[in-house]
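Below: one structure, written as structure tokens.
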Amino acid sequence: MSANSLPTAPPAAGITIRGLEVVYTTGQGQIPAVNGINLDIVGGQITGIIGESGSGKSTLAMAMMNAVPHPGKIVKGSVIIDGVGNMMTLDKESQRRARGRHVGFVFQAAQNSLNPLTRIGHQVLDLGRSHNVKDLRALLRRAKELLERMGMDADRVLTSYQHELSGGMRQRVGIMFALVLDAQIVILDEPTTALDMLSQASVLEIVRSIQEERGLTIILITHDMGVVADLADRVIVMYGGELAEEGKTEDVLAHPQHPYTRGLIRAIPRISGNLDQAVALAGSPPDLQTFVQNACLFYDRCPERMAQCQNHRPPYEIAGPGRKVACFKVMAK
Amino acid sequence: MIEVRHLEKTFPGTRGLLGHDAIKAVNDVSFHIPDGGAVSFIGESGCGKTTIGRILAGLETYTAGEVVMDGQNLAQLPRRQRAVLLRRVQLIQQDPYQALNPARTIEQALTDPLKVIAKERGADKAWIMHRLHEVLELVGLDPDAVIYKYPHMLSGGQRQRIVIARALTVDPSVLVADEAVSMIDVSLRLGVLKLLRDLRERFKISVLFITHDVASARYVGDDGQMFVIYKGRIVEHGLTDEVILHPQHPYTQALLSAVPVLKGLEEPGPDRYIPLKEFGHGQPPEHACAFAPRCPYAQPLCGQEKPELVGTAHQYACHYPKERHVVAVPLSE
Ligand SMILES: Nc1ncnc2c1ncn2[C@@H]1O[C@H](COP(=O)(O)OP(=O)(O)OP(=O)(O)O)[C@@H](O)[C@H]1O
Ligand SMILES: Nc1ncnc2c1ncn2[C@@H]1O[C@H](COP(=O)(O)OP(=O)(O)OP(=O)(O)O)[C@@H](O)[C@H]1O
Ligand code: SF4
Ligand SMILES: [Mg+2]
Ligand SMILES: [Mg+2]
């Protein structure tokens, strides 16, 4: 049977982001945490968003749900979720229903966002009620299936409080909550950061297999290039609130174009190969001073900077099939 | 040189849902670190790594075994003499935020220990300032740029360098680095790892490197010994690259499999496997392999008899040791 004669599944939901701007107003000034981002999240794939601490990954994720907390504010832009609409213009109630039902999420430090005083099983029921789920038994059954699927003793977990679970177990419970209402889009913000290597690998393995099974659209946010390189179909590199580079994972890893992406990949400690090939990334992350300059955000740290880079921000442009890069040097080639 | 013989530490039992009986957190652990050498301990959360490090730094008692420094058994020394020796063992912990007082500048944080030493040696203020600059330069920081700063003004990598600089003020002969890079942004880790390696070579400082990440252990001590521990016991040890390239124990193989594979640059080793089950808490039975409940290669014997360490330079405790190819294989262009 040829590939074309297979029945085609309905295309999985994607997200279209245009001109998105989020600013935090602080005592020290305005922080452009997300600065004019245009991004298409492809449905049915795992998209990895990578960037160092403070690059705006969590802010971008929260903005996708129109849920940026004070003192942050979405000043511009649209986020269109397939099958839902523009999160910026929908009425509050439709937005609320979309969160959880269409888009499941595990925000960063989810360990703390689980309710400490309520057993996990009760929290599942509460979630169901707040989304008017009629058949709560079926919902609990689904929660149980998911937990077992992730290698856990479901009955024990459902009757536990969060403090009785290890970090790896809590992350799995977070993923269960994100999936239990059958969301087709799932946002995972640093799902493995506090975990040891083995727990991390097993959580990633779970994400991989559930994604394959259900054809979900997954957005995976992390500061660890290795995690993205292992799991994601596409990589988005963020730097100082803007996008630096994107493309298919294999392409980006094998042929990184932006000097920052190259630096990130070189800085990954490896278990084989020449030790001296690894080079630490020089310089420090952008600060308020960086944002007010006209220069490329990476200018101060860039080993390949040119005169032009000091006076303008490079535009984010197509640089090959499925690739985009914001770098004058790359464009000049 | 520091040497540990048949170290054992039993913690009394705890109560509650995750409560357990008395637990042998460290069980018959022996190793030595030559001057300027490195030894790494790898294993997942709860396997007893921190306990070993804290015992070495004199912060935790032990229930059996010996710790010998420069030929002297610490337990047999008078208190004062022991304290003098132990000061030369400095512990660097995971969280550089917690290790530094947020209300004190870097200069204050470093001059405190220097004042104590100056008093002992009858050195003056100029010596303190000289040494302050010296240790900061050693860890790769520009003294003039950081001494007036508070910890929150520095990046995670810079903060950990400050913690290392503070440890260096006392001319240590052993550094115990316990997950010293796991809270630092991945892009900055490599620099700190290289620094630790440098200190070994330049000052003949011995490093005990504790981590769950095999790759970072390799950067600090590819020429040293690697110990894999599971539930307080050594399950495999040998020269670092020997253990990484020719792992014999299924648990070592799981840890190596957990290192993310860089799609586009590598492909997974053919035998890669990731156990989804987390390890249960509590004390494993005396008459079985502790890893048996999670081991994909377990046979009936594994549940009946505890495997002892066998081999000469490279040792492993498994009834069915077998080299497997779990490490990622680089793609040839
Ligand atoms: N509540 C807040 N108030 C003020 N500034 C904030 C707030 N939250 C985030 N920021 C700032 O916005 C920028 C982006 O932060 P964000 O948390 O989105 O980054 P991130 O990439 O998720 O970082 P991390 O890897 O540390 O989670 C940073 O400069 C941060 O200091
Ligand atoms: N003070 C204590 N009282 C009782 N049990 C303890 C104590 N400290 C550690 N343990 C137990 O000893 C075992 C080993 O703990 P340890 O902190 O040494 O592990 P670890 O390998 O450093 O773990 P992690 O990677 O999470 O830091 C664990 O089962 C832990 O629960
Ligand atoms: S002794 Fe048995 S259970 Fe233990 S690691 Fe070896 S094969 Fe697996
Ligand atoms: Mg974040
Ligand atoms: Mg520890």
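Just a few scattered comments:
- Subset of segment B:81-108 (residues that are without any contact (Cβ under 8 Å) to a residue 40 or more places away in the chain and loosely packed, with under 14 Cβ neighbours inside 10 Å): B:GLN81, B:ALA83, B:VAL84, B:GLN98, B:GLN108
- In the set B:LYS231, B:LYS263, only one residue is basic (Lys, Arg) and away from ligand 3 (no atom under 12 Å from the Cβ); that residue is B:LYS263.
- Number of positions in segment A:306-328 that are outside any loop (DSSP other than H, G, I, E, B), out of contact with any strand residue (DSSP E or B) (no Cβ under 6 Å at 6 or more places or on another chain) and not aromatic (Phe, Trp, Tyr): 5
- Counted residues, segment A:187-201 - those being over 20 Å from A:ILE268 (Cα atoms) and crowded, with 24+ Cβ neighbours inside 10 Å: 2
- Test: residue in segment B:20-33 that is aromatic (Phe, Trp, Tyr), away from ligand 5 (no atom under 16 Å from the Cβ), outside any strand (DSSP E or B) and away from chain A (no Cβ under 14 Å): no
- Residue tally, condition assigned to a helix (DSSP H, G or I) and either in contact with a Phe, Trp or Tyr (Cβ under 7 Å, 6 or more places away or on another chain) or within 11 Å of chain B (Cβ to nearest Cβ) (or both), over segment A:200-235: 16
- Residues in segment B:279-333 that are under 25 Å from the mean Cα position of the chain (by Cα), among the hydroxyl-bearing types (Ser, Thr, Tyr) and within 14 Å of ligand 3 (Cβ to nearest atom): B:TYR316 alone.
- Every test in (1) under 21 Å from A:ARG301 (Cβ atoms); (2) under 15 Å from the mean Cα position of the chain (by Cα) is passed by A:ASP233 save one, and that test is (1).
- Residue in segment B:286-309 that is farthest from ligand 5 (Cβ to nearest atom), counting only those that are away from every other protein chain (no Cβ under 14 Å) and either surrounded by fewer than 12 Cβ atoms within 10 Å (Cβ to Cβ) or touching a residue at least 60 places away in the same chain (Cβ under 8 Å) (or both): B:PRO300
- Selected residue [more than 15 Å from A:ILE268 (Cα to Cα) and surrounded by 24 or more Cβ atoms within 10 Å (Cβ to Cβ)] from B:LEU245, B:LEU239, B:LEU255, B:LEU193: B:LEU255
- Answer residue from segment B:35-50, given it is surrounded by 19 or more Cβ atoms within 10 Å (Cβ to Cβ) and more than 26 Å from B:GLU201 (Cβ to Cβ) and is farthest from ligand 4 (Cβ to nearest atom) among those: B:GLY48
- Single condition B:ARG161 does not satisfy, out of (1) surrounded by 21 or more Cβ atoms within 10 Å (Cβ to Cβ); (2) basic (Lys, Arg); (3) more than 24 Å from A:ASP287 (Cα to Cα): (3)
- Those residues of segment A:286-312 which are under 18 Å from A:ILE31 (Cα atoms) and without any contact (Cβ under 8 Å) to a residue 40 or more places away in the chain, in sequence order: A:ASP287, A:GLN289, A:VAL292, A:GLN293, A:ASN294, A:ALA295, A:CYS296
- Residue match in segment B:46-63 (condition: within 14 Å of chain A (Cβ to nearest Cβ), of a type outside the set (S, T, N, Q) and within 16 Å of ligand 1 (Cβ to nearest atom)): no
- Yes/no for A:GLY151 being in contact with a Leu (Cβ under 6 Å, 6 or more places away or on another chain), surrounded by 13 or more Cβ atoms within 10 Å (Cβ to Cβ) and over 28 Å from A:SER58 (Cβ atoms): no
- Complete set of residues in segment A:204-228 that are under 26 Å from B:ALA180 (Cβ atoms) and in contact (Cβ under 8 Å) with a residue 40 or more places away in the chain: A:ILE221, A:THR222, A:HIS223, A:ASP224, A:MET225, A:GLY226, A:VAL227, A:VAL228
- Just one residue in the set A:ALA33, A:ALA63 is in a strand (DSSP E or B) and more than 16 Å from ligand 3 (Cβ to nearest atom); that residue is A:ALA33.
Here's the yes/no breakdown for (1) within 13 Å of chain A (Cβ to nearest Cβ); (2) outside any helix (DSSP H, G or I); (3) hydrophobic (A, V, I, L, M, F, W, C):
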| site | (1), (2), (3) |
| --- | --- |
| B:VAL192 | yes, no, yes |
| B:LEU196 | yes, no, yes |
| B:LEU208 | no, yes, yes |
| B:GLU236 | no, yes, no |
| B:ASP241 | yes, no, no |
| B:PRO247 | yes, yes, no |
| B:ALA254 | yes, no, yes |
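- Close contacts from segment B:264-276, counting a first residue that is free of Cβ contacts under 8 Å to residues at least 24 places away in the same chain and a second that is among the polar types (S, T, N, Q) and crowded, with 17+ Cβ neighbours inside 10 Å, with Cβ to Cβ under 7 Å and a gap of 6+ residues or different chains, come to B:ILE274/A:SER202; B:ILE274/B:SER257; B:PRO275/A:SER202; B:LEU276/A:SER202.
- Among the candidates A:ARG137, A:ARG141, A:ARG156, residue that is surrounded by fewer than 19 Cβ atoms within 10 Å (Cβ to Cβ), within 14 Å of chain B (Cβ to nearest Cβ) and in a helix (DSSP H, G or I): A:ARG156
- Search result, residues across segment B:312-333 that are touching a residue at least 40 places away in the same chain (Cβ under 8 Å) and more than 22 Å from B:ARG272 (Cα to Cα): B:ALA313
- In the set (1) under 20 Å from B:MET1 (Cα atoms); (2) in contact with a Lys or Arg (Cβ under 8 Å, 6 or more places away or on another chain); (3) away from every other protein chain (no Cβ under 14 Å); (4) not acidic (Asp, Glu), the condition left unmet by B:LYS204 is number (2).
- Residue pairs meeting the criteria (Cβ under 7 Å; at least 6 apart or on separate chains; first within 14 Å of chain B (Cβ to nearest Cβ), in segment A:54-73; second more than 8 Å from ligand 1 (Cβ to nearest atom)): A:GLY54/A:PRO285; A:SER55/A:TYR239; A:SER55/A:GLY240; A:LYS57/A:ILE49
Every number in this text was worked out from the coordinates using simple rules, so none of it is lab data. All figures in this text were calculated on a predicted structure; none of them were measured in a lab. Positions of Cβ are generated from backbone atoms using ideal geometry, with glycine treated the same way; all protein chains shown enter the neighbour counts.
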